Amino acid sequence: MALYYNLSKVYAISDNDVEFAKQIVTLFLEEVPVEVVNVREGLEEKDYDKVYHAAHKIKPTLDLLGMDLAYEDVLVIESWSRSRGKRKEIKDTVKSLKDYISKTVKELKKDYAIY
C-alpha cells in the first residue's frame, strides 16, 4: 500500500485504466521535482512570482495523486508568495514539500519499477 500517494482519483476518472495511471505517474516524476527546484530557487532569489508559478503548476498533480499534505504545503506557499512574506516564514514548509516529494518519487519508482 502506498504511503505517500493515492491513485484512487486517477483510476476514478479513467475507468481504472492502468496505462493512464502510469502516464500520470510518469508526468509526476518528470515535472513535479523540477518545479520543486524552481520553488526553492525562487525562494533563494526572492522571486515571489517564480515561487508562485512553480507551486501553482504542481498543485493539480498533487491533488490528482491524493498527496494531501504536499497539496496543503503548496497552498501555504502560494499564499506566502502572494503576500510577499519573509523567507524565514516559509522555509520549513518548502523543506516539508521537498521531503514529501522526494519520498513520493522514491516510492513511485519502486512501485512502478521505474529506474
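The values are calculated or read from the model by the stated rules, or taken from the named source; none is laboratory data. None of these values were measured; they are calculated from a predicted model. As a convention, Cβ positions derive from the backbone with ideal geometry for all residues, glycine included, and neighbour counts pool all protein chains shown. Ligands, DNA and RNA are stripped out before the accessible areas are found, and what is left, the full protein with its side chains, is counted by its heavy atoms. Shrake-Rupley method; radii C 1.70, N 1.55, O 1.52, S 1.80 Å.
Which numbered condition in (1) over 24 Å from Tyr115 (Cα atoms); (2) touching a residue at least 24 places away in the same chain (Cβ under 8 Å); (3) of a type outside the set (Val, Ile, Thr); (4) buried (at least 18 other Cβ atoms within 10 Å of the Cβ) is the only one that Lys46 fails?
(4)
Looking only at region 55-69, decide whether some residue is farther than 24 Å from Leu7 by Cα, open to solvent by less than 60 Å² (accessible area, probe 1.4 Å) and in a helix (DSSP H, G or I).
No, the conditions are met nowhere in region 55-69.
Consider only pairs whose beta carbons are under 9 Å apart and that are at least six residues apart or on different chains; among these, list those whose first residue lies in region 74-100 and is of a type in the set (Asp, Glu) and whose second residue is open to solvent by 50 Å² or more (accessible area, probe 1.4 Å).
Glu78/Tyr52; Glu78/His56
Kindly establish whether Val51 is part of a helix (DSSP H, G or I), more than 17 Å from Glu107 (Cα to Cα), modelled with pLDDT of 95 or more and open to solvent by 30 Å² or more (accessible area, probe 1.4 Å).
Judged against the criteria, Val51 is not a match.
Report, by residue number, each residue of region 1-32 that is open to solvent by 30 Å² or more (accessible area, probe 1.4 Å), in a helix (DSSP H, G or I) and of a type in the set (Phe, Trp, Tyr).
Tyr11, Phe20
Cβ-Cβ under 6 Å, sequence separation 6+ or interchain: first residue in region 51-71 and within 15 Å of Glu30 (Cβ to Cβ), partner open to solvent by 80 Å² or more (accessible area, probe 1.4 Å) and in a helix (DSSP H, G or I). Which pairs?
Leu64/Lys9
With the requirement that a residue be of a type outside the set (Gly, Ala, Ser) and under 16 Å from Glu35 (Cβ atoms), what does region 81-94 give you?
Ile90, Thr93, Val94
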